[in-house]
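Below is one structure, written out as structure tokens; comments come after it.
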Amino acid sequence: RLKLGVLISGRGSNLQALIDACAEPGFPASVALVLSNRADAAGLERADAAGIATAVVSHRDHAGKQAFEEAMSTALEAAGVDLVCLAGFMRLLSPWFVERWRDRLINIHPSLLPAFPGLDTHRRALEAGVRFHGCTVHLVRQDMDAGPILVQAAVPVRPDDTEESLAARVLEQEHRCYPLAVRLLAERRARIVGERVLLDADATAPEPLL
Ligand code: GAR
């Protein structure tokens, strides 16, 4: 089974979705380590409750970004992590870290990339008047919120939506997409070829999202 390292900064609902998926019989991955850059991240309690190892690596305790990221990398390697999943991890990673984990580092982002990279995606989607919004799981590259796309899900934007109602509709899809992306990689039904992800023909069959 693929060993996951999940990086969080806060609530950890996507972490929970991954923990729940990994608990299902036959799921081809397990969470080996939950790593947070904040000691007060609520997601750490979710990991504790599931009996998963946690580590806090704070950027404040390290002299510079490189030292902080080396400490994270060392913890991930010590746990035998195969795939790093960013799940609401709110610090930008340097090219060093991104290259160190190239093609073994994925992120979930609350928009249909390449639309709305960055923060406040739901507010910006409402302001732009888009009719569809959603989420993306993608491989991390040096540019923020860019990189080969693994899985996306779209949701309609309703006329009476607020930032909160739209965020909740997208979040529900995030919780489906992240385990699906992990499964596709673990079962090698998604293959990374240069800057594209190729899905095996049967990858589209059982999953209506793709
Ligand atoms: C999620 O909506 C995730 O897509 C987003 O933060 C939230 C974390 O929630 N990520 C980003 O905005 C990354 N730039 P969670 O902690 O409950 O999973």
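Would you mind working out the accessible area per residue for segment 11-107, using a 1.4 Å probe, and quoting it in Å²?
In whole numbers, segment 11-107 has 45 Å² accessible per residue.
Could you identify which residue out of V130, V151, V84 has the top mean-square fluctuation in a GNM of the chain using Cα springs shorter than 10 Å?
For the chain, modelled as a Gaussian network with Cα springs under 10 Å, the answer is V130.
What number, in percent, do you get for the relative contact order of segment 127-187 if the mean sequence gap of Cα pairs under 8 Å and at least 6 apart is divided by its residue count?
Computed value for segment 127-187: 34 percent relative contact order.
Hey, any idea what % of segment 64-210's accessible area is carbon plus sulfur with a 1.4 Å probe?
Within segment 64-210, the accessible surface is 53 percent carbon and sulfur.
For the residue pair E45 and R158, what label-to-label distance in nm results when each label sits 7 Å from Cα along the Cα-to-beta-carbon direction?
About 3.0 nm separates the two model spin labels.
In a Gaussian network model over the chain where Cα atoms closer than 10 Å are linked, find which of R102, R188, R176 has the largest mean-square fluctuation.
With Cα springs under 10 Å in the chain, the top fluctuation among R102, R188, R176 is at R188.
For a Förster distance of 41 Å, can you work out the FRET efficiency between the beta-carbons of D61 and R131, rounded to the nearest 0.05?
According to the calculation, E is roughly 0.35.
Rounded to the nearest 500, what is the 222 nm mean residue ellipticity of the chain from helices alone, with -39500 (n - 2.57) per DSSP H run of 4+ residues and division by all residues?
The helix-only estimate for the chain comes to -10500 deg cm²/dmol at 222 nm.
Heavy atoms of the protein only, probe of 1.4 Å, neighbouring chains included. What is the accessible area of M144 in Å², nearest 10?
Solvent-accessible area, nearest 10 Å²: 100 Å².
Which residues' amide hydrogens lie under 5 Å from the amide hydrogen of L86, considering only partners 5 or more residues apart or on another chain, with H built in the peptide plane?
For L86, the qualifying residues are L7, I106, N107, I108.
Using a Gaussian network model of the chain whose springs link C-alpha atoms within less than 10 Å, name the residue from H133, H59, H109 with the highest mean-square fluctuation.
Among H133, H59, H109, the largest GNM mean-square fluctuation belongs to H59.
Roughly how many whole Å is it from the C-alpha centroid of segment 1-72 to that of segment 127-171?
For segment 1-72 versus segment 127-171, the Cα centre distance is 23 Å.
Segment 122-172: which trypsin sites (Lys or Arg not before Pro) are DSSP loop and have at most 11 other beta-carbon atoms within 10 angstrom?
The qualifying sites are R131.
The values are calculated or read from the model by the stated rules, or taken from the named source; none is laboratory data. Here the structure is a predicted model, which is why all the values come from computation and not from measurement. Cβ atoms come from the backbone with ideal geometry, glycine included; neighbour counts cover every protein chain shown. Remember, those area values only see protein heavy atoms, side chains included, never the ligands or the DNA or RNA. Shrake-Rupley method; radii C 1.70, N 1.55, O 1.52, S 1.80 Å.
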